[in-house]
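Below you'll find the structure, written out as structure tokens, and then a few comments.
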Amino acid sequence: MTFAWYGHLKNLRESPLWVAIGISWAIAFLEYCLQVPANRMGAEYFSLPQLKIIQEVITLLVFVGFSFWYMKVPLKLDFLWAGICLMGAVYFVFRSA
């Protein structure tokens, strides 16, 4: 979803908005085709809040990498603080498991 949401800011800036929307929807559709079955399989082992926290942690990791390597955004200490907050969320959601 990261590329679908933000990739057009680099690659399709000069394209009409409808082109960016269409390409982003196509990318998002492919990702959802993977995400929905993954959630169904994961729901056999994890609670709904646990699945959401896992998704958020993965999303942040992917976003930091995407921002740094693809979009050339410099790394900031704030990324570390956000990661630490998510580690706290992981702890609280999984501690009662």
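Here, each number is a calculation from the coordinates, and none is a lab measurement. What you see is a predicted model, and the numbers here were worked out from it, not measured in a lab. Positions of Cβ are generated from backbone atoms using ideal geometry, with glycine treated the same way; all protein chains shown enter the neighbour counts.
Over the chain, dividing the summed -39,500 (n - 2.57) contributions of all DSSP H runs of at least 4 residues by the number of residues returns a 222 nm mean residue ellipticity of -23500 deg cm²/dmol. Looking at the stretch 41-87, the chymotrypsin sites (Phe, Trp or Tyr not before Pro) that sit in a DSSP loop and have at most 13 other Cβ atoms within 10 Å of their own Cβ are 45. Computing P(r) over Cα pairs in 5 Å bins from 0, in percent for the structure here picks out one of (1) 3, 15, 29, 28, 19, 6, 0; (2) 2, 12, 17, 18, 18, 15, 11, 5, 2, 0; (3) 3, 12, 24, 23, 17, 11, 6, 2, 1, 0, namely (2). Full extension of the chain segment joining residue 44 with residue 31 gains 2.6 nm, where the gain is 0.36 nm per residue of separation less the Cα-Cα distance.
Spin-label model, residue 60/residue 73: points 7 Å from Cα along the beta carbon direction are separated by 1.4 nm.
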